[in-house]
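Below: the structure, in structure tokens.
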Amino acid sequence: MAEELRGWNWHQPPLEPVYEIRLPLYQIAGKYCSSGRDVYLNRVEKKSGTPNLAMMRGALFHSLISFLLVRTKKLIYFHGTNYETISRELSGSLSEFMEKHAEAIRKIEEISNSGNADKGEPLTIIDCLEQVFNYEFYSITSRLQDVLTRQPYIGEDSLASQVVPFVLEQQLDGSFLGLSPYLRSDAYVFSEPMIVDLKFGPREPFHRLTTTGYALVMEALYDFPINIGCVVYCEFKNRRLHIQKDFHIINDELRQWFIEERDEKMRIVYDESDPGRAAQCDEKCPYFQFCI
Ligand code: SF4
């Protein structure tokens with residue numbers, strides 16, 4: 001791995017930001033608009049995109065997973081090694097989550113039932129949430145049982161770190177690299193330093209830019225190498241939750257690509273130059289209304 005592409009070399013080219021601009025990581029790594037006009041509209045013209053149905057559903061699934069994993073940690077700290085109580089209380093978490101997010105669920109249902117919805121998805125949002133919940137619930141409780149049967153004298157702190165072996169939504173300051181000071185990675189695995197990002201939708205090559213960006217930021221902040229990323233894809237196929245993991249090395253090529261994207265998007269904002277419409281626009285693009 002080239003030394004100059006490690007995050008701790010943020011103070012020299014090519015990592016040193018050329019412009020005094022801070023961009024959120026998702027605007028650099030999200031190449032859904034191939035010309036970068038989404039960034040121009042948002043940062044220069046101050047337009048706000050309208051989240052599409054897939055984005056709304058994805059945000060809810062993200063919240064559910066994060067809610068369950070944090071709840072698991074809390075229950076372990078509260079009930080120690082009492083498997084029965086932890087799993088019983090965790091099993092009741094879905095209804096609590098749905099109550100908390102009733103408004104978002106209602107909105108998604110409303111759009112799904114309207115003529116604008118994607119007809120390819122036969123499952124309701126409630127069906128999907130139940131499937132995500134069941135998958136997570138059984139993964140967590142089987143890990144819990146496994147650790148408890150192997151380690152009879154384990155304490156709650158060690159148990160929590162083995163059952164949920166990552167930091168969720170870690171807050172990171174990306175200013176050194178020209179990124180937002182309030183970044184939040186989906187998950188960071190500390191046993192083998194690895195950035196995990198969760199996606200609900202089809203695979204895109206540029207998704208690896210997100211793990212790369214977070215790896216660079218963590219290297220800049222903590223001075224240790226992060227070489228591995230993993231994008232977890234969750235999709236509903238044939239009425240079932242389908243999960244695939246894309247493990248990848250955060251190599252020079254990805255690092256270089258991330259820096260080029262950052263520099264190009266910073267230039268668009270600094271020069272206030274409209275890059276024009278993308279070669280192909282999807283009407284589900286959050287900024288479609290500003291580009292027609
Ligand atoms: S509608 Fe097209 S040009 Fe406009 S932001 Fe979306 S993808 Fe880019």
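The values are calculated or read from the model by the stated rules, or taken from the named source; none is laboratory data. Quick caveat, the model's predicted, so the values are computed rather than measured. Every residue, glycine among them, receives a Cβ derived from its backbone with ideal geometry; neighbour counts consider all protein chains shown. Note: areas computed on protein heavy atoms with side chains; ligands, DNA, RNA excluded. Shrake-Rupley method; radii C 1.70, N 1.55, O 1.52, S 1.80 Å.
Structural descriptor for region 1-146: relative contact order 21 percent, calculated from alpha carbon pairs under 8 angstrom and at least 6 residues apart.
Of all lysines in the structure, the ones whose alpha carbon falls short of 16 Å from that of Lys199, not counting any fewer than 8 places away in one chain, are Lys31, Lys237, Lys245. Charge dipole of region 1-106 (Cα centre as origin; +1 on each Lys and Arg Cβ, -1 on each Asp and Glu Cβ, all else neutral): 280 debye, rounded to the nearest 20.
If you wrap the tightest convex hull around every Cα atom of region 1-106 and split its volume per residue, you get 206 Å³. Among the complete DSSP H segments of the chain, which ones combine at least 30 Å of alpha-carbon extent along their axis with a mean Kyte-Doolittle hydropathy of 1.0 or more? Span-like helices, by this rule, are absent here.
For a quick check of your reading of the filter: which GluC sites (Glu not before Pro) in region 21-100 sit in a DSSP loop and have no more than 14 other Cβ atoms within 10 Å? Within region 21-100, the qualifying GluC sites (Glu not before Pro) (loop, at most 14 other Cβ atoms within 10 Å) are Glu45.
Relative to one another, the C-alpha centroids of region 243-276 and region 1-28 are positioned 11 Å apart. Each pair of Cα atoms in region 162-212 enters the Kirkwood radius, and Stokes-Einstein at 4 °C and 1.567 mPa s then converts it into a translational diffusion coefficient of 106 µm²/s.
Mean separation of Cα pairs under 8 Å and 6 or more residues apart, divided by the residue count, gives the chain a relative contact order of 29 percent. The calculated Kirkwood hydrodynamic radius for region 159-292 is 16.8 Å, given to one decimal from all distinct C-alpha pairs. For the chain, with all protein chains in place and a probe radius of 1.4 Å, 50% of the accessible heavy-atom surface sits on carbon or sulfur.
Projected onto its three principal axes, the C-alpha set of region 123-197 covers 47, 41, 17 Å, listed from the longest axis down. Against the compact-protein benchmark of 2.2 N^0.38 Å, the Cα-based radius of gyration of region 58-130 scales to 1.35.
What is the chain by shape, rounded, prolate or oblate, if you read a ≥ b ≥ c off the alpha carbon gyration tensor as root eigenvalues and call it rounded for a/c under 1.5, prolate for a/b larger than b/c, and oblate otherwise? Oblate shape, in that a/c is at least 1.5 and b/c is the bigger or equal ratio. Rounded, prolate or oblate: pick one for region 217-270, where a ≥ b ≥ c are the square roots of the eigenvalues of its C-alpha gyration tensor, a/c under 1.5 means rounded, and failing that, prolate if a/b is larger than b/c, else oblate. Oblate is the answer for region 217-270, as a/c is 1.5 or above yet b/c matches or exceeds a/b.
Taking each DSSP H run with n ≥ 4 as -39500 (n - 2.57) and averaging over every residue of the chain yields -14500 deg cm²/dmol at 222 nm.
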